[in-house]
């Protein structure tokens with residue numbers, strides 16, 4: 001499949017998932033299987049959550065998901081279709097909520113999953129606590145923002161935590177413009193442990209954090225997304241020869257801030 005065609009297919013799939021999520025969700029707290037990140041206008045939870053950008057910078061919570069139930073909350077929509085760039089397949093069967101965590105698994109045949117959050121906004125902050133157990137480098141865990149109204153690539157893409165299941169670092173990729181230009185930063189990290197990944201989006205900048213420490217910043221107006229975006233969580237499949245070893249990613253919570 002040509003790169004442009006694959007990108008269009010990927011964009012159409014994500015747009016459809018976002019539309020399904022928007023139909024089932026609202027601006028209020030998530031539905032079954034979810035719990036809000038904290039009181040609206042209040043601070044995020046503290047105990048056992050490590051160092052958070054939200055607490056250091058005083059962000060005000062407006063919603064999120066603590067994954068305290070036994071199933072995916074109603075404000076999420078699971079992908080069901082071809083995988084990243086048409087490789088493998090994304091299926092809701094790969095997504096579960098177990099022991100207070102979101103779990104997305106990839107199997108030996110390239111079947112994997114992704115979910116889209118149904119509450120978009122223009123500007124704001126998002127933070128997720130996640131870990132990526134050691135696995136196959138053909139699987140790429142990604143925490144990102146995806147455009148809700150303007151089509152990709154013009155609508156931008158903010159991959160605020162992207163790595164491979166066999167990596168020892170994490171990257172930030174900011175995609176922008178009709179030619180899908182990118183800005184990138186990387187930091188060494190034990191991704192197999194719980195870490196807090198955050199992105200802050202203002203009219204003047206996009207900033208990325210790991211465990212409350214800034215590691216990416218762009219203030220170039222041309223790089224900033226032009227419209228509302230929503231959070232997504234994906235375990236993408238990048239085949240590079242041979243059957244992949246089963247891999248997974250886990251997310252303890254996702255919190256959205258004004």
*When the chain is fully extended, how far beyond the present Cα-Cα distance does residue 186 get from residue 166, taking 0.36 nm per residue of separation?*
5.7 nm
*Would you calculate the separation in nanometres between label points at residue 68 and residue 134, each defined as 7 Å from the Cα along the Cα-to-beta-carbon direction?*
3.5 nm
*Cα pair distances in segment 101-258, grouped into 10 Å bins until the bin that holds the longest one, percent each*: 11, 42, 35, 11, 0
*Please give the length that would be gained between residue 243 and residue 214 if that part of the chain were fully extended, namely 0.36 nm times their separation in residues minus their C-alpha to C-alpha distance (nm, one decimal).*
6.8 nm
*Listing 51, 191 from the residue with the fewest other Cβ atoms within 10 Å to the one with the most, what is the order?*
51, 191
*Compute the label zone of residue 56 within segment 214-258: residues whose backbone N is under 16 Å from the point 7 Å along Cα-to-Cβ.*
214-218
*Along Cα→Cβ, 7 Å out, is where each label goes; now give me the distance between the ones at residue 149 and residue 123 in nm to one decimal.*
1.4 nm
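Every number in this text was worked out from the coordinates using simple rules, so none of it is lab data. The shown structure was predicted, so the numbers you read here are calculated from the model rather than taken from an experiment. Ideal geometry is used to build each Cβ from the backbone, glycine not excepted, and the neighbour counts take in all protein chains shown.
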